[in-house]
Amino acid sequence: MPTRFFGKISSKLRKLPGKVKRLSRSVTASQAQPNDAWALGLLTPPEARLYLSMDARDREHACRVTAALLAAYPDSSPELSAAALLHDSGKSLRPYRVHERVLVGLVPGRAAQQLPFGALYLRGQHPAIGAELLRRTGGRERVAELVERHHAPKGDAEAALLHQFDDLE
Ligand SMILES: [Fe+2]
Ligand SMILES: [Fe+2]
């Protein structure tokens, strides 16, 4: 059996506890407490409007990712901070439904991209949708770019950092 196969499996297993934690938060966090006042200070007015259109649970997750990233990299660019807050804004197109979030969280990202319907489609496309929302509403271009790349950084060091901290939270 090739070692690459086992490497992949063990990396998936290592990510499992974090995934379970995130899923349980999406079920139980009906009283999500995103630090909106802090977040809004890092966003331009059009970006702030998009941020406020996100579900409270997504905002709380975004604040966690951003705070962890800034704690580790306090000199991050303002665009990276804003992108960390808005990285999942593409999910705001559809109302937050707990059962969908739980089911969708269990399907691997690449598989979700192949399914052109409902919540799974949105899960697969949310980076592109978020970037498009930012461009249409007048957000910064670099912020849109980072949002677009947050699941597939492809050589973009800042997007890779965002991807890394998103995975941890
Ligand atoms: Fe995402
Ligand atoms: Fe995320």
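The values are calculated or read from the model by the stated rules, or taken from the named source; none is laboratory data. Predicted, not measured: the structure shown is a model, and the values here were computed from it. In this analysis, Cβ positions are derived from the backbone assuming ideal geometry, glycine residues included, and neighbour counts consider all displayed protein chains.
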What are the residue pairs meeting all of these: first residue in the stretch 39-62, first residue free of Cβ contacts under 8 Å to residues at least 24 places away in the same chain and surrounded by 22 or more Cβ atoms within 10 Å (Cβ to Cβ), second residue assigned to a helix (DSSP H, G or I) and of a type in the set (S, T, N, Q), Cβ atoms under 6 Å, and 6 or more apart or on different chains? none
If Ala131 meets every condition in (1) away from ligand 2 (no atom under 16 Å from the Cβ); (2) at pLDDT 95 or above apart from one, which number is that one? (1)
So Leu42 ticks every box in (1) more than 19 Å from the chain's Cα centre (by Cα); (2) at pLDDT 95 or above; (3) assigned to a loop (DSSP other than H, G, I, E, B) but one. Which box is left unticked? (1)
Quick one: is Ala111 at pLDDT below 95, over 13 Å from the mean Cα position of the chain (by Cα) and of a type in the set (A, V, I, L, M)? yes
From the list Ser11, Ser89, which residue is modelled with pLDDT of 95 or more, small (Gly, Ala, Ser) and under 24 Å from Asp156 (Cα atoms)? Ser89
Every residue in the stretch 59-92 that is under 16 Å from Ala131 (Cβ atoms), in a helix (DSSP H, G or I) and within 15 Å of ligand 2 (Cβ to nearest atom), please. Ala62, Leu80, Ala82, Ala83, Ala84, Leu85, Leu86, Ser89, Gly90, Lys91, Ser92
Does the stretch 155-167 include one or more residues that are at pLDDT below 95 and under 25 Å from Leu42 (Cβ atoms)? yes
Being touching a residue at least 60 places away in the same chain (Cβ under 8 Å) and crowded, with 17+ Cβ neighbours inside 10 Å is the filter here; which residues of the stretch 26-38 pass it? Ser26
So which pairs qualify, if the first residue must be in the stretch 63-74 and in contact (Cβ under 8 Å) with a residue 24 or more places away in the chain and under 18 Å from Ala37 (Cα atoms), the second must be assigned to a helix (DSSP H, G or I) and charged (D, E, K, R), the Cβ gap must be under 7 Å, and the two must be at least 6 apart or on different chains? Val65/Asp166
